[in-house]
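For reference, the structure is listed below as structure tokens.
What follows draws every value from the coordinates through simple rules; no lab data is involved. None of the values given here were measured: they were computed from a predicted structure. Heads up, the Cβs are rebuilt from the backbone with ideal geometry, glycines too, and the neighbour counts pull from every protein chain shown.
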Amino acid sequence: MEGTMKAAYLPGNSTVLYKDVPIPTPGHGQVLVRMKASTICGSDIRAIYREHVGKGPEGYQGVIAGHEPCGQVVEEGPGIRRFKKDSRVIVYHISGCGVCHDCRMGYMISCSSPLRAAYGWQRDGGMAEYVLCDEKDLVELPDELTYADGAQVACGFGTVYEAIKKVGVSGEHSVLVVGLGPVGLATLMLCRAMGAQKCYGIEGNPVRLELSQKLGLADKVFIPSKDTVQEILNLTGGHGVERAFDTSGSDKGRLSAIRATRQWGKIAFVGEGGTVGFSPSPEIIHPQKTIYGSWVTSIWLMEDLVEELVRWNLHPETLITHRFPLEKADEAYKLMSEGNCGKVAVCFDEELK
Ligand SMILES: [Zn+2]
Ligand SMILES: [Zn+2]
């Protein structure tokens, strides 16, 4: 495709830089994807937008931003094997080397090859009219899901699904989610779909608190206080929940997740950054609790998630509170950085409505 396209970059001083750049041409094994929806992840804010603090896999290399891209194939490069022109696709946002052990397991997120490049971090991402993708990084978006649904699967919902699969959630479990930003809300949404008995949340931001109540995903949402853990214990027969997820990334949030979990319970740490301090014997060892770390997901679980979303008739886009066109991406990032919102999306074409 000839011509130029608009693209957004993050210089690291809480602004967005727009450039007109040439529309890329797909090489062997690649396709050109016309962007339809590109959502903003908390990691974009934490590691890139305000300041470039990321290192290694989170080191931003001055590329086109956006690691939650979803769109439609408009041009095929040579050697394409599965996807075609007009295919609706989610971009699994890390392009791995393809031949290391982690890549062979489908966990390109954990690829340690120097060839590994994440979209929006080390190679051009979804905040542009087009994105150049390796075919192996694509997940098919079924007709039942919108592009705005798909964009959130590319990182956020995939990440949540992975953590839930690690700890296992079913009708035998009460669940606590600490932090009800987009990732926390997605956790509640999927835990509900998987049959969790009761769902509790903890959130201090009034806008997010109100949103979680409006969406009705939790049986009860607590404003964090010194009594919150005790209140959750009271609601669960004095025992605590079977499963807890921390998406807050805060010391206190993680501690609440540990302490509100019952003996033999499982806790997943999903929110990044910060630290946590606890006494292993009374908090973890004696009560036989397990803490899981969970980072993004694998491409095969992402495919499973997409299939489940259709069966559950779940639409991640219900978490989107604000949509902006690409030329207003600066407003989108600013809003997400302030945090008084649900999910924030940059949309194109029909997904802008
Ligand atoms: Zn992300
Ligand atoms: Zn690899």
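Comparing Cys341, Cys155, Cys70 in a Gaussian network model of the chain where C-alpha atoms under 10 Å apart are linked, the largest mean-square fluctuation is found at Cys341. For each pair in Lys19/Lys85; Lys6/Lys334; Lys198/Lys252, compute the distance between the two Cα atoms and list the pairs where it is over 24 Å. Correct reply: Lys19/Lys85. Listed peptides 5-18, 130-143 appear in the order 130-143, 5-18 once ranked by packing, highest mean of other Cβ atoms within 10 Å at the front. A crude spin-label estimate for the pair Glu210 and His239, with each label 7 Å from Cα along the Cβ direction, gives 3.8 nm. For the pair the stretch 167-229 and the stretch 18-86, the centres of their Cα atoms are 31 angstrom apart. Within the chain, DSSP assigns beta bridges of which about 55% are antiparallel (rounded to the nearest 5).
If the chain linking Ser279 and Gln263 were pulled fully straight, counting 0.36 nm for each residue of separation and taking away their Cα-Cα distance, it would gain 4.2 nm.
Can you work out the FRET efficiency for the pair Val310 and Leu335, with r the C-beta to C-beta distance and R0 = 30 Å, to the nearest 0.05?
Taking R0 as 30 Å, the efficiency between Val310 and Leu335 is 0.50.
In the chain, helical runs assigned H by DSSP with n ≥ 4 each contribute -39500 (n - 2.57); averaged across all residues and rounded to the nearest 500, the mean residue ellipticity at 222 nm is -6500 deg cm²/dmol. Take the Cβ atoms of Glu2 and Glu76, set R0 to 25 Å, and the FRET efficiency comes out at 0.95. In plain terms, the chain from Glu58 to Thr290 could stretch by 80.8 nm, reckoned as 0.36 nm per residue minus the Cα-Cα distance. Just going by the charge dipole of the chain, with Lys and Arg at +1 and Asp and Glu at -1 on Cβ, which of Tyr60, Leu217, Ser170 is farthest out on the positive end? Ranked along the dipole, the leading option is Ser170. Full extension of the chain between Glu129 and Ser225 gives 30.1 nm of extra length, using 0.36 nm per residue less the Cα-Cα distance.
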